[in-house]
1. Determine the pairs where a residue that is within 16 Å of A366 (Cβ to Cβ), located within the stretch 326-338, has a partner that is among the basic types (K, R) with Cβ atoms under 9 Å apart, the partner being 6 or more residues away or on another chain.
2. Restricting attention to the stretch 256-275, and to residues there that are touching a Pro at 6+ places or on another chain (Cβ under 8 Å) and open to solvent by 10 Å² or more (accessible area, probe 1.4 Å), which single residue is nearest to I122 (Cα to Cα)?
3. Of all residues in the stretch 377-410, how many are under 30 Å from N116 (Cβ atoms) and open to solvent by 90 Å² or more (accessible area, probe 1.4 Å)?
4. Considering (1) under 30 Å from G105 (Cβ atoms); (2) open to solvent by 40 Å² or more (accessible area, probe 1.4 Å), say which one V354 fails and leave the rest.
5. Given D287, D313, D303, which one is open to solvent by 50 Å² or more (accessible area, probe 1.4 Å), in a helix (DSSP H, G or I) and of a type in the set (D, E)?
6. Taking helices (runs of 4 or more DSSP H) that do not extend beyond the stretch 53-168, which have at least 2 residues that are among the hydroxyl-bearing types (S, T, Y) and modelled with pLDDT of 95 or more?
7. If I ask for residues that are open to solvent by 30 Å² or more (accessible area, probe 1.4 Å), of a type in the set (S, T, N, Q) and part of a loop (DSSP other than H, G, I, E, B), which ones from the stretch 205-255 would you list?
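The values are calculated or read from the model by the stated rules, or taken from the named source; none is laboratory data. Since this is a predicted model, take the numbers as computed values, not measurements. Quick reminder, even Gly has a Cβ in these numbers, built from the backbone with ideal geometry, and neighbours come from all protein chains shown. Surface accessibility is based on the protein's heavy atoms, side chains included, excluding ligands, DNA and RNA. Shrake-Rupley method; radii C 1.70, N 1.55, O 1.52, S 1.80 Å.
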Amino acid sequence: MVKVIKAGKSKEEVVANDTKVSEIVSAALKDVESRGDQAVRELSEKFDKWTPKSFRLSESEIKEIVAQVPDSVIEDIKFAQTNIKAFAEAQLASLHDVEVEDIPGVILGHKNIPVNSVGCYIPGGRYPMVASAHMSVLTAKVAGVKRVIACTPPINGEIPKATIAAMYLAGADEIYLLGGIQAMGAMAIGTETIESVDMIVGPGNAFVAEAKRQLYGRVGIDLFAGPTETLVVADHTADAEMIAIDLLGQGEHGPTSPGALITTSEELAHETIKEIARQLETLPTADVASVSWEDYGQILVVDSIEEARIEADRLAFEHVEILTENPDYFLENMTNYGCLFLGPETNVAYGDKVIGTNHTLPTKGAARYTGGLWVGKFIKTVTYQKITTPEASAYIGEYAARLCLLENFEGHARQAQLRVDRYGKK
(Lines give C-alpha, C1' and ligand atoms only; values in the text may rest on other atoms or scores of the structure.)
Protein backbone atom coordinates (compact mmCIF):
# COMPACT_ATOMS: atom_id res chain seq x y z
CA MET A 1 0.00 0.00 0.00
CA VAL A 2 1.24 3.49 -0.88
CA LYS A 3 0.95 6.24 1.73
CA VAL A 4 1.25 9.80 0.41
CA ILE A 5 3.15 11.95 2.92
CA LYS A 6 3.46 14.92 0.57
CA ALA A 7 1.89 15.64 -2.84
CA GLY A 8 2.82 18.18 -5.52
CA LYS A 9 0.69 20.25 -7.89
CA SER A 10 -2.17 18.59 -9.75
CA LYS A 11 -1.96 17.72 -13.43
CA GLU A 12 -4.66 20.30 -14.16
CA GLU A 13 -2.55 23.13 -12.73
CA VAL A 14 0.48 22.02 -14.75
CA VAL A 15 -1.53 21.87 -18.00
CA ALA A 16 -2.84 25.42 -17.47
CA ASN A 17 0.71 26.75 -17.24
CA ASP A 18 1.77 24.80 -20.35
CA THR A 19 -1.05 26.35 -22.42
CA LYS A 20 0.16 29.91 -21.79
CA VAL A 21 3.71 29.00 -22.80
CA SER A 22 2.48 27.31 -25.98
CA GLU A 23 0.70 30.44 -27.19
CA ILE A 24 3.75 32.68 -26.68
CA VAL A 25 6.05 30.23 -28.49
CA SER A 26 3.68 29.78 -31.43
CA ALA A 27 3.50 33.52 -32.09
CA ALA A 28 7.28 33.93 -31.85
CA LEU A 29 8.04 31.06 -34.26
CA LYS A 30 5.55 32.39 -36.82
CA ASP A 31 7.32 35.75 -36.59
CA VAL A 32 10.73 34.14 -37.21
CA GLU A 33 9.35 32.26 -40.20
CA SER A 34 7.83 35.35 -41.79
CA ARG A 35 10.48 37.96 -40.98
CA GLY A 36 13.70 36.00 -40.47
CA ASP A 37 16.69 37.89 -39.08
CA GLN A 38 14.65 40.97 -38.18
CA ALA A 39 12.30 38.94 -36.01
CA VAL A 40 15.21 37.12 -34.36
CA ARG A 41 16.87 40.46 -33.59
CA GLU A 42 13.70 41.96 -32.10
CA LEU A 43 13.03 38.87 -29.98
CA SER A 44 16.63 38.88 -28.74
CA GLU A 45 16.28 42.55 -27.78
CA LYS A 46 12.96 41.85 -26.04
CA PHE A 47 14.01 38.81 -24.04
CA ASP A 48 17.78 39.19 -23.63
CA LYS A 49 18.47 42.90 -24.27
CA TRP A 50 21.02 41.70 -26.84
CA THR A 51 21.40 43.07 -30.39
CA PRO A 52 25.01 42.74 -31.58
CA LYS A 53 26.08 43.46 -35.14
CA SER A 54 26.30 39.69 -35.68
CA PHE A 55 24.97 36.94 -33.43
CA ARG A 56 27.60 34.58 -34.81
CA LEU A 57 31.02 34.79 -33.19
CA SER A 58 33.99 34.89 -35.55
CA GLU A 59 36.94 32.58 -35.14
CA SER A 60 39.07 35.44 -33.79
CA GLU A 61 36.35 36.46 -31.30
CA ILE A 62 36.04 32.87 -30.08
CA LYS A 63 39.77 32.51 -29.55
CA GLU A 64 39.90 35.85 -27.73
CA ILE A 65 37.08 34.73 -25.41
CA VAL A 66 38.65 31.32 -24.75
CA ALA A 67 41.96 32.98 -23.92
CA GLN A 68 40.25 34.86 -21.09
CA VAL A 69 39.02 31.68 -19.39
CA PRO A 70 41.29 30.59 -16.49
CA ASP A 71 43.52 27.60 -17.21
CA SER A 72 41.98 25.71 -14.28
CA VAL A 73 38.51 26.05 -15.82
CA ILE A 74 39.80 24.89 -19.21
CA GLU A 75 41.35 21.84 -17.54
CA ASP A 76 38.09 21.03 -15.76
CA ILE A 77 36.17 21.31 -19.03
CA LYS A 78 38.68 19.06 -20.77
CA PHE A 79 38.39 16.48 -17.97
CA ALA A 80 34.62 16.33 -18.35
CA GLN A 81 34.84 16.22 -22.15
CA THR A 82 37.36 13.39 -22.03
CA ASN A 83 34.94 11.28 -19.99
CA ILE A 84 31.92 12.15 -22.13
CA LYS A 85 33.80 11.52 -25.38
CA ALA A 86 35.10 8.15 -24.17
CA PHE A 87 31.63 6.93 -23.24
CA ALA A 88 30.13 8.26 -26.49
CA GLU A 89 32.85 6.47 -28.48
CA ALA A 90 32.07 3.23 -26.63
CA GLN A 91 28.40 3.65 -27.49
CA LEU A 92 29.25 4.34 -31.14
CA ALA A 93 31.31 1.14 -31.26
CA SER A 94 28.19 -0.82 -30.30
CA LEU A 95 26.44 0.24 -33.53
CA HIS A 96 27.11 -1.97 -36.54
CA ASP A 97 25.98 -2.05 -40.16
CA VAL A 98 24.14 -5.23 -41.09
CA GLU A 99 23.94 -7.23 -44.31
CA VAL A 100 22.32 -10.67 -44.68
CA GLU A 101 21.42 -13.08 -47.49
CA ASP A 102 18.76 -15.33 -45.93
CA ILE A 103 17.36 -16.24 -49.36
CA PRO A 104 19.95 -16.98 -52.08
CA GLY A 105 20.33 -13.92 -54.29
CA VAL A 106 18.36 -11.63 -51.93
CA ILE A 107 20.52 -9.22 -49.93
CA LEU A 108 19.08 -7.06 -47.15
CA GLY A 109 20.96 -4.62 -44.99
CA HIS A 110 21.01 -1.51 -42.91
CA LYS A 111 23.52 1.31 -42.65
CA ASN A 112 24.09 3.77 -39.81
CA ILE A 113 24.37 7.26 -41.30
CA PRO A 114 24.95 10.41 -39.20
CA VAL A 115 22.54 13.32 -39.57
CA ASN A 116 24.15 16.00 -41.76
CA SER A 117 23.56 19.06 -39.57
CA VAL A 118 22.57 19.64 -35.96
CA GLY A 119 21.77 22.71 -33.87
CA CYS A 120 22.65 22.48 -30.18
CA TYR A 121 21.07 24.71 -27.55
CA ILE A 122 23.11 25.44 -24.43
CA PRO A 123 20.98 27.19 -21.77
CA GLY A 124 22.09 30.31 -19.93
CA GLY A 125 20.06 32.56 -17.66
CA ARG A 126 20.65 32.12 -13.94
CA TYR A 127 22.71 28.99 -14.61
CA PRO A 128 25.18 28.96 -17.51
CA MET A 129 24.90 25.29 -18.48
CA VAL A 130 28.47 24.73 -19.58
CA ALA A 131 28.02 20.95 -19.43
CA SER A 132 25.32 21.02 -22.11
CA ALA A 133 28.01 21.90 -24.65
CA HIS A 134 29.80 18.63 -23.91
CA MET A 135 26.59 16.62 -23.94
CA SER A 136 25.30 17.91 -27.27
CA VAL A 137 28.10 19.31 -29.45
CA LEU A 138 30.71 16.73 -28.49
CA THR A 139 28.32 13.78 -28.74
CA ALA A 140 27.16 14.92 -32.18
CA LYS A 141 30.76 15.21 -33.36
CA VAL A 142 31.58 11.71 -32.07
CA ALA A 143 28.55 10.45 -34.02
CA GLY A 144 30.03 11.94 -37.20
CA VAL A 145 27.73 14.94 -37.78
CA LYS A 146 29.39 17.18 -40.39
CA ARG A 147 27.95 20.55 -39.32
CA VAL A 148 27.22 21.28 -35.67
CA ILE A 149 26.12 24.76 -34.70
CA ALA A 150 25.58 25.91 -31.13
CA CYS A 151 23.54 28.70 -29.55
CA THR A 152 23.70 30.11 -26.04
CA PRO A 153 22.19 33.32 -24.68
CA PRO A 154 24.13 36.22 -23.19
CA ILE A 155 23.74 36.50 -19.41
CA ASN A 156 22.72 39.99 -18.32
CA GLY A 157 24.37 41.41 -21.41
CA GLU A 158 27.62 39.54 -20.81
CA ILE A 159 29.28 36.80 -22.85
CA PRO A 160 29.32 33.45 -20.96
CA LYS A 161 33.01 32.81 -21.58
CA ALA A 162 33.29 29.33 -20.06
CA THR A 163 30.30 28.16 -22.12
CA ILE A 164 31.85 29.52 -25.32
CA ALA A 165 35.10 27.74 -24.42
CA ALA A 166 33.23 24.47 -23.89
CA MET A 167 31.45 24.83 -27.24
CA TYR A 168 34.75 25.53 -29.00
CA LEU A 169 36.61 22.67 -27.32
CA ALA A 170 33.72 20.32 -28.09
CA GLY A 171 34.11 21.06 -31.79
CA ALA A 172 31.23 23.40 -32.71
CA ASP A 173 31.48 24.58 -36.32
CA GLU A 174 29.47 27.77 -35.70
CA ILE A 175 28.80 29.53 -32.39
CA TYR A 176 25.98 32.05 -31.90
CA LEU A 177 25.24 34.27 -28.90
CA LEU A 178 21.51 33.80 -29.18
CA GLY A 179 18.98 32.34 -26.77
CA GLY A 180 15.43 31.22 -26.19
CA ILE A 181 12.65 30.76 -28.73
CA GLN A 182 14.51 32.92 -31.25
CA ALA A 183 17.54 30.60 -31.17
CA MET A 184 15.43 27.48 -31.66
CA GLY A 185 13.48 29.10 -34.47
CA ALA A 186 16.58 30.40 -36.23
CA MET A 187 18.29 27.01 -36.14
CA ALA A 188 15.25 25.02 -37.26
CA ILE A 189 13.60 27.42 -39.70
CA GLY A 190 16.68 29.30 -40.89
CA THR A 191 17.10 33.00 -41.61
CA GLU A 192 19.02 35.12 -44.09
CA THR A 193 22.21 34.65 -42.07
CA ILE A 194 21.68 31.34 -40.26
CA GLU A 195 21.39 28.21 -42.38
CA SER A 196 18.79 25.80 -41.00
CA VAL A 197 19.75 22.42 -39.58
CA ASP A 198 18.24 18.95 -39.81
CA MET A 199 17.93 18.40 -36.06
CA ILE A 200 17.85 20.48 -32.86
CA VAL A 201 18.91 19.18 -29.45
CA GLY A 202 19.57 20.28 -25.90
CA PRO A 203 17.73 21.23 -22.71
CA GLY A 204 16.20 24.57 -21.85
CA ASN A 205 13.42 26.36 -20.02
CA ALA A 206 9.71 25.85 -20.67
CA PHE A 207 9.79 28.13 -23.72
CA VAL A 208 12.73 26.32 -25.30
CA ALA A 209 11.11 22.94 -24.64
CA GLU A 210 7.83 24.10 -26.17
CA ALA A 211 9.66 25.50 -29.20
CA LYS A 212 11.21 22.09 -29.76
CA ARG A 213 7.78 20.48 -29.54
CA GLN A 214 6.29 22.85 -32.11
CA LEU A 215 9.28 22.55 -34.46
CA TYR A 216 9.33 18.74 -34.34
CA GLY A 217 8.55 17.38 -37.77
CA ARG A 218 10.10 20.32 -39.56
CA VAL A 219 13.33 19.11 -37.96
CA GLY A 220 14.25 16.15 -35.81
CA ILE A 221 14.77 16.55 -32.08
CA ASP A 222 16.53 14.58 -29.39
CA LEU A 223 13.51 14.37 -27.05
CA PHE A 224 11.01 16.56 -25.24
CA ALA A 225 12.95 17.67 -22.18
CA GLY A 226 10.85 19.47 -19.58
CA PRO A 227 11.82 20.63 -16.09
CA THR A 228 14.44 18.50 -14.32
CA GLU A 229 12.99 15.59 -12.32
CA THR A 230 14.72 13.74 -9.50
CA LEU A 231 13.52 10.67 -7.65
CA VAL A 232 15.26 9.13 -4.66
CA VAL A 233 14.35 5.56 -3.72
CA ALA A 234 15.51 4.81 -0.18
CA ASP A 235 15.23 2.18 2.52
CA HIS A 236 16.33 2.00 6.15
CA THR A 237 20.02 2.16 5.18
CA ALA A 238 19.71 5.72 3.80
CA ASP A 239 20.00 8.97 5.73
CA ALA A 240 17.88 12.10 5.56
CA GLU A 241 20.81 14.50 5.10
CA MET A 242 21.89 12.87 1.83
CA ILE A 243 18.34 12.54 0.52
CA ALA A 244 17.56 16.17 1.27
CA ILE A 245 20.70 17.55 -0.31
CA ASP A 246 20.28 15.41 -3.43
CA LEU A 247 16.64 16.50 -3.90
CA LEU A 248 17.27 20.20 -3.23
CA GLY A 249 20.42 20.12 -5.35
CA GLN A 250 18.25 19.33 -8.37
CA GLY A 251 15.30 21.43 -7.27
CA GLU A 252 17.45 24.53 -7.73
CA HIS A 253 17.20 24.03 -11.51
CA GLY A 254 13.87 25.84 -11.51
CA PRO A 255 10.63 26.44 -9.61
CA THR A 256 8.81 23.73 -11.57
CA SER A 257 11.40 20.96 -11.10
CA PRO A 258 9.76 17.92 -9.47
CA GLY A 259 11.54 16.06 -6.69
CA ALA A 260 10.26 12.87 -5.10
CA LEU A 261 11.15 10.36 -2.42
CA ILE A 262 9.87 6.80 -2.33
CA THR A 263 10.84 5.01 0.86
CA THR A 264 10.04 1.92 2.86
CA SER A 265 10.61 3.91 6.07
CA GLU A 266 7.97 6.36 7.28
CA GLU A 267 10.41 7.57 9.92
CA LEU A 268 12.92 8.46 7.19
CA ALA A 269 10.18 10.26 5.25
CA HIS A 270 9.44 12.59 8.16
CA GLU A 271 13.14 13.07 8.92
CA THR A 272 13.68 14.09 5.30
CA ILE A 273 10.95 16.75 5.51
CA LYS A 274 12.66 18.24 8.57
CA GLU A 275 16.08 18.04 6.96
CA ILE A 276 14.88 19.77 3.79
CA ALA A 277 13.50 22.62 5.87
CA ARG A 278 16.81 22.88 7.75
CA GLN A 279 18.94 22.90 4.60
CA LEU A 280 16.74 25.49 2.90
CA GLU A 281 17.73 27.95 5.63
CA THR A 282 21.31 28.08 4.32
CA LEU A 283 21.08 27.01 0.65
CA PRO A 284 22.00 30.01 -1.57
CA THR A 285 19.49 28.89 -4.20
CA ALA A 286 16.69 28.36 -1.68
CA ASP A 287 14.54 30.99 -3.41
CA VAL A 288 14.14 28.54 -6.31
CA ALA A 289 14.58 25.16 -4.58
CA SER A 290 12.01 25.95 -1.89
CA VAL A 291 9.34 26.71 -4.50
CA SER A 292 10.06 23.57 -6.51
CA TRP A 293 9.87 21.47 -3.36
CA GLU A 294 6.73 23.15 -2.03
CA ASP A 295 4.84 22.96 -5.35
CA TYR A 296 6.26 19.81 -6.95
CA GLY A 297 7.79 17.74 -4.14
CA GLN A 298 6.37 14.32 -3.34
CA ILE A 299 7.00 11.73 -0.63
CA LEU A 300 5.54 8.23 -0.83
CA VAL A 301 5.89 5.52 1.80
CA VAL A 302 5.61 1.93 0.54
CA ASP A 303 5.56 -1.47 2.19
CA SER A 304 8.38 -3.15 0.28
CA ILE A 305 11.25 -2.68 -2.17
CA GLU A 306 9.13 -4.37 -4.83
CA GLU A 307 6.38 -1.82 -4.29
CA ALA A 308 8.99 0.94 -4.41
CA ARG A 309 10.11 -0.35 -7.82
CA ILE A 310 6.50 -0.40 -9.08
CA GLU A 311 5.92 3.19 -7.96
CA ALA A 312 9.26 4.33 -9.40
CA ASP A 313 8.36 2.81 -12.77
CA ARG A 314 4.96 4.52 -12.60
CA LEU A 315 6.56 7.94 -12.07
CA ALA A 316 9.13 7.27 -14.85
CA PHE A 317 11.37 10.13 -13.68
CA GLU A 318 14.38 11.58 -15.47
CA HIS A 319 16.93 10.96 -12.70
CA VAL A 320 16.47 8.06 -10.31
CA GLU A 321 18.87 7.77 -7.38
CA ILE A 322 18.88 4.45 -5.52
CA LEU A 323 19.86 4.55 -1.83
CA THR A 324 18.97 1.03 -0.75
CA GLU A 325 20.69 -2.03 0.66
CA ASN A 326 20.79 -3.66 -2.79
CA PRO A 327 20.84 -0.95 -5.52
CA ASP A 328 21.41 -3.51 -8.28
CA TYR A 329 17.89 -4.84 -7.74
CA PHE A 330 16.64 -1.69 -9.49
CA LEU A 331 19.22 -2.00 -12.28
CA GLU A 332 17.98 -5.53 -12.93
CA ASN A 333 14.24 -4.87 -12.59
CA MET A 334 13.34 -1.23 -13.17
CA THR A 335 12.32 -0.26 -16.72
CA ASN A 336 11.20 3.40 -16.75
CA TYR A 337 13.93 5.97 -16.05
CA GLY A 338 16.20 8.42 -17.81
CA CYS A 339 19.35 7.54 -15.89
CA LEU A 340 19.99 5.44 -12.78
CA PHE A 341 22.38 6.50 -10.02
CA LEU A 342 23.17 3.41 -7.98
CA GLY A 343 24.34 3.69 -4.39
CA PRO A 344 25.32 6.57 -2.09
CA GLU A 345 28.75 7.02 -3.67
CA THR A 346 27.23 8.52 -6.83
CA ASN A 347 24.66 11.28 -7.36
CA VAL A 348 22.80 13.16 -10.06
CA ALA A 349 25.30 16.03 -10.14
CA TYR A 350 28.01 13.63 -11.34
CA GLY A 351 25.84 12.67 -14.31
CA ASP A 352 24.82 16.27 -14.95
CA LYS A 353 28.36 17.57 -15.23
CA VAL A 354 31.29 15.24 -15.53
CA ILE A 355 31.12 11.46 -15.19
CA GLY A 356 30.47 10.63 -18.86
CA THR A 357 26.80 9.73 -19.29
CA ASN A 358 24.60 12.28 -21.06
CA HIS A 359 22.48 14.68 -19.04
CA THR A 360 19.81 15.38 -21.68
CA LEU A 361 17.18 12.90 -20.51
CA PRO A 362 13.44 12.18 -20.86
CA THR A 363 10.98 13.94 -18.55
CA LYS A 364 7.20 14.06 -18.00
CA GLY A 365 6.86 10.28 -18.27
CA ALA A 366 8.72 10.00 -21.59
CA ALA A 367 11.08 7.47 -19.97
CA ARG A 368 8.29 4.96 -20.59
CA TYR A 369 9.19 4.95 -24.30
CA THR A 370 12.59 6.60 -24.85
CA GLY A 371 16.04 6.98 -23.40
CA GLY A 372 18.17 10.11 -23.30
CA LEU A 373 20.53 11.77 -25.76
CA TRP A 374 23.39 9.59 -27.02
CA VAL A 375 25.36 9.11 -30.23
CA GLY A 376 22.57 6.94 -31.62
CA LYS A 377 20.17 9.90 -31.60
CA PHE A 378 22.36 11.59 -34.22
CA ILE A 379 22.43 8.52 -36.45
CA LYS A 380 19.80 7.29 -38.91
CA THR A 381 19.58 3.53 -39.32
CA VAL A 382 18.46 3.16 -42.93
CA THR A 383 17.76 -0.02 -44.87
CA TYR A 384 18.54 -1.23 -48.38
CA GLN A 385 17.85 -4.27 -50.53
CA LYS A 386 19.49 -5.81 -53.56
CA ILE A 387 18.55 -8.88 -55.62
CA THR A 388 21.48 -10.34 -57.49
CA THR A 389 19.87 -13.02 -59.69
CA PRO A 390 16.81 -13.13 -62.01
CA GLU A 391 15.70 -16.37 -60.36
CA ALA A 392 15.56 -14.75 -56.93
CA SER A 393 13.54 -11.82 -58.28
CA ALA A 394 10.99 -14.14 -59.88
CA TYR A 395 10.79 -16.23 -56.71
CA ILE A 396 10.10 -13.22 -54.50
CA GLY A 397 7.81 -11.73 -57.14
CA GLU A 398 5.34 -14.62 -57.07
CA TYR A 399 4.74 -14.15 -53.35
CA ALA A 400 4.70 -10.34 -53.66
CA ALA A 401 2.11 -10.34 -56.47
CA ARG A 402 -0.30 -12.55 -54.51
CA LEU A 403 0.12 -10.56 -51.30
CA CYS A 404 -0.40 -7.23 -53.11
CA LEU A 405 -3.66 -8.48 -54.66
CA LEU A 406 -4.76 -9.67 -51.22
CA GLU A 407 -4.70 -5.98 -50.22
CA ASN A 408 -6.27 -4.80 -53.52
CA PHE A 409 -3.04 -3.07 -54.63
CA GLU A 410 -3.22 -3.86 -58.36
CA GLY A 411 -0.41 -1.48 -59.29
CA HIS A 412 1.87 -3.03 -56.67
CA ALA A 413 1.05 -6.48 -57.95
CA ARG A 414 1.93 -5.49 -61.49
CA GLN A 415 5.40 -4.36 -60.36
CA ALA A 416 5.99 -7.83 -59.00
CA GLN A 417 4.34 -9.70 -61.87
CA LEU A 418 6.49 -7.89 -64.44
CA ARG A 419 9.58 -9.41 -62.79
CA VAL A 420 7.97 -12.84 -62.64
CA ASP A 421 7.13 -12.68 -66.36
CA ARG A 422 10.50 -11.27 -67.33
CA TYR A 423 12.79 -13.31 -65.10
CA GLY A 424 10.78 -16.45 -64.43
CA LYS A 425 11.27 -19.80 -66.13
CA LYS A 426 10.26 -19.79 -69.78
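1. Going by the 9 Å Cβ cut-off, the qualifying pairs are M334/R309; T335/R368; N336/R314; N336/R368.
2. Narrowing the stretch 256-275 to residues touching a Pro at 6+ places or on another chain (Cβ under 8 Å): 256-258.
Still in the list and also open to solvent by 10 Å² or more (accessible area, probe 1.4 Å): 256, 258.
Details: T256: 19, P258: 21 Å.
Filtering the stretch 256-275 for residues that are touching a Pro at 6+ places or on another chain (Cβ under 8 Å) and open to solvent by 10 Å² or more (accessible area, probe 1.4 Å), the one nearest to I122 (Cα to Cα) comes out as T256.
3. First, the residues of the stretch 377-410 that are under 30 Å from N116 (Cβ atoms): 377-387.
Checking the rest, the ones that are also open to solvent by 90 Å² or more (accessible area, probe 1.4 Å) come to 380, 383, 385-386.
Residues that pass the stated criteria total 4.
4. All conditions pass for V354, except number (1).
5. Values: D313 fails: open to solvent by 50 Å² or more (accessible area, probe 1.4 Å); D303 fails: in a helix (DSSP H, G or I).
Criteria check complete, one pass: D287.
6. Values: elements: 59-67, 71-93, 139-143.
Qualifying helices (runs of 4 or more DSSP H): 71-93.
7. Of everything in the stretch 205-255, those that are open to solvent by 30 Å² or more (accessible area, probe 1.4 Å), of a type in the set (S, T, N, Q) and part of a loop (DSSP other than H, G, I, E, B) turn out to be N205, T237.
Every residue, every condition in (1) open to solvent by 30 Å² or more (accessible area, probe 1.4 Å); (2) charged (D, E, K, R); (3) free of Cβ contacts under 8 Å to residues at least 12 places away in the same chain, yes or no:
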{"residue": "D48", "(1), (2), (3)": "yes, yes, no"}
{"residue": "A67", "(1), (2), (3)": "yes, no, yes"}
{"residue": "P70", "(1), (2), (3)": "yes, no, yes"}
{"residue": "F79", "(1), (2), (3)": "yes, no, no"}
{"residue": "A93", "(1), (2), (3)": "yes, no, yes"}
